[in-house]
Amino acid sequence: MTLSLLKAEELIKERKTLVEFTVTQVGPELHLAKHDVCFARLIPAEDSNQWRIEYFHNEKRWESLDFTGSLEECLDLLANSPHYRFWER
């Protein structure tokens with residue numbers, strides 16, 4: 001388990017809207033899922049402390065967000081943006 005995965009697990013537990021989700025590591029990416037359905041993935045950016053977000057748009061295709069930030073900033077964006085949380089429909 002990498003430090004990024006451990007930190008992501010800790011940060012998810014702190015966010016009420018994400019607490020039901022699991023995070024796994026696939027290569028360098030972190031995948032967030034609910035009931036084994038992946039809805040978002042965090043991909044390391046060139047700067048080792050920054051991440052990009054892709055979310056599963058309308059459950060059909062991956063779409064990149066025009067956002068790069070720390071792991072905490074990425075999880076905050078997903079936690080606070082209902083538009084990207086299609087699982088709540």
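The values are calculated or read from the model by the stated rules, or taken from the named source; none is laboratory data. Here the structure is a predicted model, which means the values were calculated and not measured. Here Cβ is always computed from backbone atoms with ideal geometry, including for glycine, and neighbour counts include all displayed protein chains. Note: accessible area is taken over every heavy atom of the protein model, side chains too, but ligands, DNA and RNA are not part of it. Shrake-Rupley method; radii C 1.70, N 1.55, O 1.52, S 1.80 Å.
Name the residue that is modelled with the lowest pLDDT, counting only residues in the stretch 42-64 that are more than 22 Å from Lys13 (Cα to Cα) and in contact with an Asp or Glu (Cβ under 7 Å, 6 or more places away or on another chain). Write out each step before concluding.
Of the stretch 42-64, the ones more than 22 Å from Lys13 (Cα to Cα) are 45-48, 57-64.
Keeping just the survivors that are in contact with an Asp or Glu (Cβ under 7 Å, 6 or more places away or on another chain) gives 57, 62-64.
Working: His57: 67, Trp62: 85, Glu63: 85, Ser64: 88.
The selected residue is His57.
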Notebook entry, point to check: When you go through (1) touching a residue at least 24 places away in the same chain (Cβ under 8 Å); (2) more than 9 Å from the chain's Cα centre (by Cα) one by one for Glu10, which number turns out not to apply?
Noted result: (1)
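In this structure, is Val23 assigned to a loop (DSSP other than H, G, I, E, B) and under 20 Å from Asn80 (Cβ atoms)?
On the way: assigned to a loop (DSSP other than H, G, I, E, B): no; under 20 Å from Asn80 (Cβ atoms): yes.
Taking the combined requirement at face value, the residue does not satisfy it.
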Note to self: Any residue that is under 15 Å from Ser81 (Cβ atoms), at pLDDT below 95, touching a Leu at 6+ places or on another chain (Cβ under 9 Å) and open to solvent by 20 Å² or more (accessible area, probe 1.4 Å) - is there at least one of those in the stretch 3-17?
What the structure shows: yes
Next item on the list: Sort out which residues of the stretch 18-41 are modelled with pLDDT of 90 or more and in contact with a helix residue (DSSP H, G or I) (Cβ under 6 Å, 6 or more places away or on another chain), and write them in order of number.
Entry: Val23, Gln25, Leu30
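Among residues belonging to the stretch 53-77 that are part of a strand (DSSP E or B) and under 9 Å from the mean Cα position of the chain (by Cα), point out the one that is surrounded by the fewest Cβ atoms within 10 Å (Cβ to Cβ).
Initial filter on the stretch 53-77 (part of a strand (DSSP E or B)): 53-57, 61-69.
After this cut, where a residue has to be under 9 Å from the mean Cα position of the chain (by Cα) as well, the list is 53-55.
Details: Ile53: 23, Glu54: 16, Tyr55: 22.
Filtering the stretch 53-77 for residues that are part of a strand (DSSP E or B) and under 9 Å from the mean Cα position of the chain (by Cα), the one surrounded by the fewest Cβ atoms within 10 Å (Cβ to Cβ) comes out as Glu54.
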Notebook entry, point to check: Taking the condition acidic (Asp, Glu) and surrounded by 10 or more Cβ atoms within 10 Å (Cβ to Cβ), does Glu46 pass?
Noted result: no
Notebook entry, point to check: For His83, which of the numbered conditions (1) open to solvent by 40 Å² or more (accessible area, probe 1.4 Å); (2) modelled with pLDDT of 95 or more fails to hold?
Noted result: (2)
